[in-house]
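Beneath this line is the structure, given in structure tokens, with notes to follow.
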Amino acid sequence: MKFVAVEVLKDLKPLHFRILQAVEWGMRFSEYSDVEEIAKRVNLHLEKLLHNLDFLHKKQLVERWSGDYIGYRLTFHGYDCLALNALYERRVIESIGLPRGLGKESNVYYALSFDGEEVLLKIHRIMYTSFSQVRKKREYTSDKHHISELYASRISAETEFKHMKKLYDVDAPIPRPIDQNRHMIVMEQIPGVELFKAKIKDPSVILEQIVDFMAIAWQKAHLVHGDLSEHNVLVLPNQTIKVIDFPQAVPSNHKTAEELLRRDVKNINDYFQRKFRIGYDEEEVISYIKGETNKI
Ligand SMILES: Nc1ncnc2c1ncn2[C@@H]1O[C@H](COP(=O)(O)OP(=O)(O)O)[C@@H](O)[C@H]1O
Ligand SMILES: [Mg+2]
């Protein structure tokens, strides 16, 4: 997805942000915010509001709907503007740099903090593309799914940030979580590459660190990663690792925890088997991760 917000932010005045916020507020109650309600909330004459909404629409930040009332909703670009503005006002990020990667459910960008630190901005984008195509065909007039795209993306970011704080607090090898707003997370940038692309000196040293990560996560943060693979482990030049990507992590007492832990162990074991011909006995490694044995 194109990062429209970065291009239009400079053209937005405080009034525009207030209107976007009012649209966001109205979307808590219905799919489209009623223009009459927005006008009241921002204390503006309807005509002037509509003029401004027209501007925001041209910038692709809102979408218009008219039925028994005239309504507007935020697009992902509008939601981006609100989140970026909040992170800017909180003095968390000062500017956005190049994309680091465009994942399936996230866009990741380099960014600069006010202290001059290079940080990473992860934008969650949960999109129900296939559903909206079905919807277009059937021409539903009322559809909750656009709201839930923004909402689902926010929940995903909140959940990931919560998991990251928990893990970071117990010294698990993960990027330092810095801040979160709406569907965006700011975290430490790791100068490493994904395991599947990394130059590995001694595979057993890397495997051991990944297993230790799972043990710390389970025993101290009471979490299972749930999507551990060669794509979500970064290897640094000094051959240490950082694990990333936590929205799907679950508490170790969750009913699916055991199954997810087994899957994580299997994914990692299979990868090391395939690529380096090394691995552990799965049962033994699981006991070790759970702290039932001290050695593997
Ligand atoms: N803290 C970080 N430092 C450096 N690169 C990162 C960091 N977090 C994510 N990335 C990069 O962005 C990509 C996508 O991030 P990830 O959290 O795995 O999201 P997704 O859910 O899209 O897989 C990663 O594969 C990695 O290349
Ligand atoms: Mg990932």
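Some observations on this one:
- In this structure, residue 98 does satisfy being over 30 Å from residue 38 (Cα atoms) and more than 16 Å from ligand 2 (Cβ to nearest atom).
- Filtered residues of region 216-242 (kept if away from ligand 2 (no atom under 16 Å from the Cβ) and polar (S, T, N, Q)): 219, 238, 239, 240
- Unique residue being within 16 Å of ligand 1 (Cβ to nearest atom), of a type outside the set (Asp, Glu), outside the structural domain of residue 102 (by TED's automatic domain parsing) and open to solvent by 60 Å² or more (accessible area, probe 1.4 Å) when the list is 238, 253: 238
- When each of 264, 227 is tested for being within 12 Å of ligand 1 (Cβ to nearest atom), of a type in the set (D, E, K, R) and outside the structural domain of residue 126 (by TED's automatic domain parsing), the lone residue that passes is 227.
- Residue 243 vs. criteria open to solvent by less than 50 Å² (accessible area, probe 1.4 Å) and touching a strand residue (DSSP E or B) at 6+ places or on another chain (Cβ under 7 Å): yes
- Number of residues in region 118-130 that are of a type in the set (Ser, Thr, Tyr) and either within 13 Å of residue 188 (Cα to Cα) or part of a loop (DSSP other than H, G, I, E, B) (or both): the value is 1.
- Filter result for residue 285 (open to solvent by 10 Å² or more (accessible area, probe 1.4 Å), over 30 Å from residue 79 (Cβ atoms) and over 24 Å from the mean Cα position of the chain (by Cα)): no
- Close pairs (7 angstrom Cβ cut-off, 6 or more residues apart or separate chains): within 14 Å of residue 109 (Cβ to Cβ) in region 178-193, outside any strand (DSSP E or B) and among the small types (Gly, Ala, Ser) anywhere: 183/83; 183/153; 183/157; 184/83; 184/157; 185/157
- Within region 243-282, the set of residues being away from ligand 2 (no atom under 16 Å from the Cβ) and aromatic (Phe, Trp, Tyr) comprises 272, 276, 280.
- Hits in region 118-129 - residues which are open to solvent by less than 20 Å² (accessible area, probe 1.4 Å) and among the β-branched types (Val, Ile, Thr): 119, 123
- Index of the failed condition, residue 198 passing every other in (1) hydrophobic (A, V, I, L, M, F, W, C); (2) open to solvent by less than 20 Å² (accessible area, probe 1.4 Å); (3) touching a residue at least 40 places away in the same chain (Cβ under 8 Å): (3)
Quick grid of which residues meet (1) farther than 14 Å from residue 248 by Cβ; (2) at pLDDT 95 or above; (3) in contact with a strand residue (DSSP E or B) (Cβ under 8 Å, 6 or more places away or on another chain); (4) open to solvent by less than 40 Å² (accessible area, probe 1.4 Å):
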residue: 145; (1), (2), (3), (4): yes, no, no, no
residue: 151; (1), (2), (3), (4): yes, no, no, no
residue: 156; (1), (2), (3), (4): no, yes, yes, yes
residue: 161; (1), (2), (3), (4): no, yes, yes, yes
residue: 165; (1), (2), (3), (4): yes, yes, yes, no
residue: 168; (1), (2), (3), (4): yes, yes, yes, no
residue: 174; (1), (2), (3), (4): yes, yes, yes, yes
residue: 181; (1), (2), (3), (4): yes, yes, no, yes
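The values are calculated or read from the model by the stated rules, or taken from the named source; none is laboratory data. What you see is a predicted model; the values in this text were computed from it and never measured. FYI the Cβ positions are ideal-geometry reconstructions off the backbone, even for glycines, and counts take in every protein chain you see. Keep in mind that these areas ignore ligands, DNA and RNA; they rest on the heavy atoms of the full protein, side chains included. Shrake-Rupley method; radii C 1.70, N 1.55, O 1.52, S 1.80 Å.
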